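Below is one structure, written out as C-alpha cells; comments come after it.
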There are 2 protein chains.
Amino acid sequence: MHHKLNDPSELITPCLLVYPDRVRNNIQECIRIAGGPDRLRPHVKTHKCRQIVELELEMGITRHKCATLAEAEMLAEAGAKDVFIAYPQVGPAINRLLTILAKYTKTEFCVAIESVANATQIDSRLGEVRKNLDVLVDVDIGMHRTGVPVERALDVCRAVAAAKQLRFRGLHAYDGHNHLPKLVDRQDSVRGITTHLSSLTERLSASGLECATIVCGGTPTFPVFAQVEIADVSIELSPGTCILNDFGYSDAYRDMNGFEYAAILMTRVVSKQHSGHVTLDLGHKAVAGDPPAGRRCHFLDIDAVEGKQNEEHLVIQTPAAERLELGDVLYVVPTHICPTVALHSEMQVVKSGQVAGSWPVAARHRIYR
Amino acid sequence: MHHKLNDPSELITPCLLVYPDRVRNNIQECIRIAGGPDRLRPHVKTHKCRQIVELELEMGITRHKCATLAEAEMLAEAGAKDVFIAYPQVGPAINRLLTILAKYTKTEFCVAIESVANATQIDSRLGEVRKNLDVLVDVDIGMHRTGVPVERALDVCRAVAAAKQLRFRGLHAYDGHNHLPKLVDRQDSVRGITTHLSSLTERLSASGLECATIVCGGTPTFPVFAQVEIADVSIELSPGTCILNDFGYSDAYRDMNGFEYAAILMTRVVSKQHSGHVTLDLGHKAVAGDPPAGRRCHFLDIDAVEGKQNEEHLVIQTPAAERLELGDVLYVVPTHICPTVALHSEMQVVKSGQVAGSWPVAARHRIYR
C-alpha cells in the first residue's frame, strides 16, 4: 500500500495523515503477537483518537489503558467497558475522577495506586459517588519514575485490600526503561523482572491477597511478556506506539517488523534558495521536538539530513533539492509519533489515496470536552 | 508581584497560568525599548491568544506579525488593522489566504515573498478576490532558513513591484541566528546587517523602488535595531517571546531584565518514592520538548535538577524532596514558552492570586475555527 495522496493539492500543510487499513493491520499484529485480543490492553496515549478506539473495539479488544483523565473520558464515550488509568491521581484530579466514575456508569474503571497515602486519599472520597474502584498497584520494576519499589509493594497492596471501597486487582509493572535494541537483551531484562514479579505474587498470595492481573509490557517488550507465565495471574499487555508506529521504534526494534507506518506527516517545500537545501513547513510545532534536533523526521521518498528546525520551519539538505519545487509535497514519518499526534487537532483519513474525512485528536485537551 | 495562587487546590495540573499585569508590563517594556508603540510589530506566535492581542491594541500597538494563517485570522478577528504574514504561502495555503483577504475587509494584510516564482503565483490569484496585497520581500541576512540572499534581492523586489496586484512595501529581515548572549556582540552583528540593508535600500532607490519599511529584530535584537537608522526607511521591530518571556531568553540575554515571567506552568508532585527525588506531572506534552532534555524547566521556588522526562512525567532531584508531599504544587518557567503555549488549549488567568477565567490559545489549531 502506498502512502502518497493521489491529489495532494488541496490539503494545507503541515498535516497528519492516518491510514485506517494500516491501523487495522497494526492492531491485528498486536493481537497476533499477544495470542489473542483478550490479552491486550493497548495504551490510548499514542493516538488520543476515538475512531481508533472504535477500531480496537470492533477487532475484539475489550481493555484499554490511558494516562490522562481526558483519555479515560474519551475511551468511555467511545464505548470502552474496561479502562485502566495508569497515572497517579492526586489533588483536584481526584475530584474529576469521581465525576467520571459517576458519569460513565457503563464503563468499569481501574486506577494505579503506588502509596498507602494515595490509597487512603482516594478511598476516603469514593463514598461521595457510592462506587467501588478496582486498583492495580503500580510497582517500580526499574524505571524509577512512578511506582512503589517491589520490596515495599506488599504494604501498598495490603492498604488497598483493606480499604473500604478499593478493590485490589493486581499490579501495574511498566518497564519503559527496557529499550535495548536486541530482542535477546530485552528477553534477559524481562526474565529478571518476571523473577521479581513472581516472587511478589507469591508473597501476596501468602498474605491472602490474590493478584489476578499484571498489566505490563509497552511496545518494545510486549512480545516478550506475551511469553511470560506466572501461576494464577492473567498477564495483560499494553503496547502503545505500534498502533500507529513511528521511525524511532521501528528503527530501534528491528524484530517488530510487522507494523506499518499508519500516521505520516505531509509537508511542503516553502523555500528553495541554496543549492542542495530546501526549507519545509515542518517545524517542531508540527512534529515532536523531544527527540534531539536533527533526528526528528524520517523521509519516505528522498534522502535528507535535517538541519535547522524552528517552530514552523525545517531546513533539510537533500540530493533531491534540485528537482524539488516550491509547494512540492513530501511525506515524513516522525521519530516519535505520540507527542506528534498531540500537536494536531485532527488527522486526515486516507483511503485508497484519497482524503476521506478527518479524525479529531479528541483527547489532546487535558480537560475533555 | 507573586506568582503563587492563594488557593491552588481546585486547579487540575499540569496547566499554564497567565498574569495579565505582567503581560501589560512586558508590552509596556517593548514600547519603552522601541521608543513608541508605532515602531512595534510584535509576533503573535508566542501566545496565539486573542486576549493578549487585545491588550496590545489597547496599549497603542497597531501592527502585528504572525507565522500561520490561523494566527492571521485570529488577529483579524481581534480587530487588528495591519497584519504581516511573515511566512511563505505556497500551494493550497494561497487559497486560504485569498479566503482570509476576502473575509476580513477591515484588516490590511501584508505577506512575505522571497522568490519571483512565488510573487507570480500569488499575484496571478489576487484577481479572484479583486484585492491588492502589500508585500515585504523576505531577505536572508544570515539565518539561511527562508529569504532571498541580499545580493539577489533586487530581482524579487522588482518582480513584486512589476506585478499587477502586489504592492512592494519593503523588506523583512529576520535575524534569528543572532543569539549572542553579550549585548555588545549582538550590536556588532546588527551593525553588519544594517550595512547590507542600507546598501540594498540604496540599490532599490536607484532602481526607482521605494523601501518604505523594514521589519526586523526578534526578541534578542529588537533593542539594538531600535537604535538603527536607515534614510527614508521606517524600521519596525518584531519581538515575540518577551511578551510572555521565558527562562531560555531571560537567561541568555541578561541585558533584557525589564521583562517578567508572564506565563508559568503549575505542576504537582505525583510520586515520591526515592530520597531526594520526586516525580511531577510535567511531561513534554505540557512543556516544550525542543530544548535538550534536562534543560526544559526552571523552578521558581526550589532548587531542582531535571532527570527523566516522558510524555506525562518529569522526575526531579531536589533538596526540597523531603518536605514535598503528594499533590504539592510547584511553579515552573519553561525554557521555551512559544511551543509550550501551543501545547495547552487555554491559559488560566491569574489576578491577585486568584484564577479569574481562562484565555483560549485560539490559534493553536492550524485551521482557525
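Within 12 Å of chain B (Cβ to nearest Cβ), over 19 Å from the mean Cα position of the chain (by Cα), at pLDDT 95 or above and surrounded by fewer than 24 Cβ atoms within 10 Å (Cβ to Cβ) - does that describe any residue in region A:164-176? Scanning region A:164-176, I find no residue that is within 12 Å of chain B (Cβ to nearest Cβ), over 19 Å from the mean Cα position of the chain (by Cα), at pLDDT 95 or above and surrounded by fewer than 24 Cβ atoms within 10 Å (Cβ to Cβ), so the answer is no.
When region B:311-325 is filtered for residues that are surrounded by fewer than 20 Cβ atoms within 10 Å (Cβ to Cβ) and within 14 Å of another protein chain (Cβ to nearest Cβ), the ones remaining, listed by number, are B:Gln317, B:Ala321, B:Leu324, B:Glu325. Condition first: facing chain B (nearest Cβ under 8 Å), outside any helix (DSSP H, G or I) and over 14 Å from the mean Cα position of the chain (by Cα). Now tell me which residues in region A:79-101 satisfy that. If the condition is that a residue be facing chain B (nearest Cβ under 8 Å), outside any helix (DSSP H, G or I) and over 14 Å from the mean Cα position of the chain (by Cα), then A:Pro88, A:Val90, A:Gly91 are the ones that fit. In region B:144-163, the residue that is surrounded by the most Cβ atoms within 10 Å (Cβ to Cβ) out of those that are in a loop (DSSP other than H, G, I, E, B) and within 12 Å of chain A (Cβ to nearest Cβ) is B:Gly147.
Would you check if A:Leu55 is outside the structural domain of A:Ile85 (by the TED database) and in contact (Cβ under 8 Å) with a residue 24 or more places away in the chain? Considered against the rule, which asks whether it is outside the structural domain of A:Ile85 (by the TED database) and in contact (Cβ under 8 Å) with a residue 24 or more places away in the chain, A:Leu55 comes out as no. Being in contact with a strand residue (DSSP E or B) (Cβ under 9 Å, 6 or more places away or on another chain) and more than 14 Å from chain B (Cβ to nearest Cβ): is that true of A:Asp134 here? Yes, satisfied.
Output yes when any residue across region B:329-337 is facing chain A (nearest Cβ under 8 Å) and under 15 Å from B:Val18 (Cα atoms), and no when none is. No; the residues of region B:329-337 include none that is facing chain A (nearest Cβ under 8 Å) and under 15 Å from B:Val18 (Cα atoms). Kindly provide the set of residues from region B:102-116 that are part of a strand (DSSP E or B), within 14 Å of another protein chain (Cβ to nearest Cβ) and not small (Gly, Ala, Ser), ordered by number. Across region B:102-116, the qualifying residues are B:Val111, B:Ile113.
To keep it simple, each residue is scored yes or no on (1) touching a residue at least 40 places away in the same chain (Cβ under 8 Å); (2) under 28 Å from A:Ala161 (Cα atoms); (3) in a helix (DSSP H, G or I); (4) assigned by the TED database to the domain that holds A:Arg41.
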{"site": "A:Thr195", "(1), (2), (3), (4)": "no, yes, yes, yes"}
{"site": "A:Ser198", "(1), (2), (3), (4)": "no, yes, yes, yes"}
{"site": "A:Val224", "(1), (2), (3), (4)": "yes, no, yes, yes"}
{"site": "A:Glu236", "(1), (2), (3), (4)": "yes, yes, no, yes"}
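Does A:Leu136 meet the test of being touching a Cys at 6+ places or on another chain (Cβ under 7 Å), closer than 22 Å to B:Glu311 by Cα and touching a residue at least 60 places away in the same chain (Cβ under 8 Å)? Considered against the rule, which asks whether it is touching a Cys at 6+ places or on another chain (Cβ under 7 Å), closer than 22 Å to B:Glu311 by Cα and touching a residue at least 60 places away in the same chain (Cβ under 8 Å), A:Leu136 comes out as yes. Any residue at all in region B:345-352 that is under 27 Å from B:Asn26 (Cα atoms), more than 8 Å from chain A (Cβ to nearest Cβ) and surrounded by fewer than 17 Cβ atoms within 10 Å (Cβ to Cβ)? Taking every residue of region B:345-352 in turn, at least one turns out to be under 27 Å from B:Asn26 (Cα atoms), more than 8 Å from chain A (Cβ to nearest Cβ) and surrounded by fewer than 17 Cβ atoms within 10 Å (Cβ to Cβ). With respect to the conditions (1) within 14 Å of chain B (Cβ to nearest Cβ); (2) surrounded by fewer than 18 Cβ atoms within 10 Å (Cβ to Cβ); (3) aliphatic (A, V, I, L, M), A:Leu180 falls short on a single one, namely (1). Scanning for something outside any strand (DSSP E or B) and surrounded by fewer than 17 Cβ atoms within 10 Å (Cβ to Cβ), does region A:133-143 turn up at least one residue? No, every residue in region A:133-143 fails to be outside any strand (DSSP E or B) and surrounded by fewer than 17 Cβ atoms within 10 Å (Cβ to Cβ). Scanning region A:286-310 for residues that are more than 17 Å from B:Gly176 (Cα to Cα) and basic (Lys, Arg), which turns out surrounded by the fewest Cβ atoms within 10 Å (Cβ to Cβ)? Across region A:286-310, the extreme among qualifying residues is A:Arg295. Pull up region A:38-54, narrow it to residues that are crowded, with 18+ Cβ neighbours inside 10 Å and more than 14 Å from the chain's Cα centre (by Cα), then point me to the one that is farthest from A:Ala112 (Cα to Cα). Among those residues, the one meeting the criterion is A:Gln51.
Quick check: anything in region B:66-78 closer than 25 Å to B:Ala173 by Cα, in contact (Cβ under 8 Å) with a residue 60 or more places away in the chain, more than 14 Å from chain A (Cβ to nearest Cβ) and surrounded by 21 or more Cβ atoms within 10 Å (Cβ to Cβ)? Yes; the residues of region B:66-78 include at least one that is closer than 25 Å to B:Ala173 by Cα, in contact (Cβ under 8 Å) with a residue 60 or more places away in the chain, more than 14 Å from chain A (Cβ to nearest Cβ) and surrounded by 21 or more Cβ atoms within 10 Å (Cβ to Cβ). Residue-level check: of (1) in contact (Cβ under 8 Å) with a residue 60 or more places away in the chain; (2) buried (at least 20 other Cβ atoms within 10 Å of the Cβ); (3) within 14 Å of another protein chain (Cβ to nearest Cβ), B:Ala119 misses just (1). Hey, any hits in region B:268-277 for a residue that's closer than 24 Å to A:Ala117 by Cα, surrounded by fewer than 23 Cβ atoms within 10 Å (Cβ to Cβ) and under 25 Å from the mean Cα position of the chain (by Cα)? Among the residues of region B:268-277, not one is closer than 24 Å to A:Ala117 by Cα, surrounded by fewer than 23 Cβ atoms within 10 Å (Cβ to Cβ) and under 25 Å from the mean Cα position of the chain (by Cα), which makes the answer no. When the residues of region A:207-222 are filtered to those that are assigned to a loop (DSSP other than H, G, I, E, B) and under 17 Å from the mean Cα position of the chain (by Cα), the one that is surrounded by the fewest Cβ atoms within 10 Å (Cβ to Cβ) is A:Gly218. For the criterion of being within 13 Å of chain B (Cβ to nearest Cβ), assigned to a strand (DSSP E or B), modelled with pLDDT of 95 or more and in contact with a His (Cβ under 8 Å, 6 or more places away or on another chain), A:Thr279 passes.
The values are calculated or read from the model by the stated rules, or taken from the named source; none is laboratory data. Not measured: the values here are computed from a predicted model. Because the Cβ atoms are built from the backbone with ideal geometry, glycine has one as well, and the counts that use them run over all protein chains shown.
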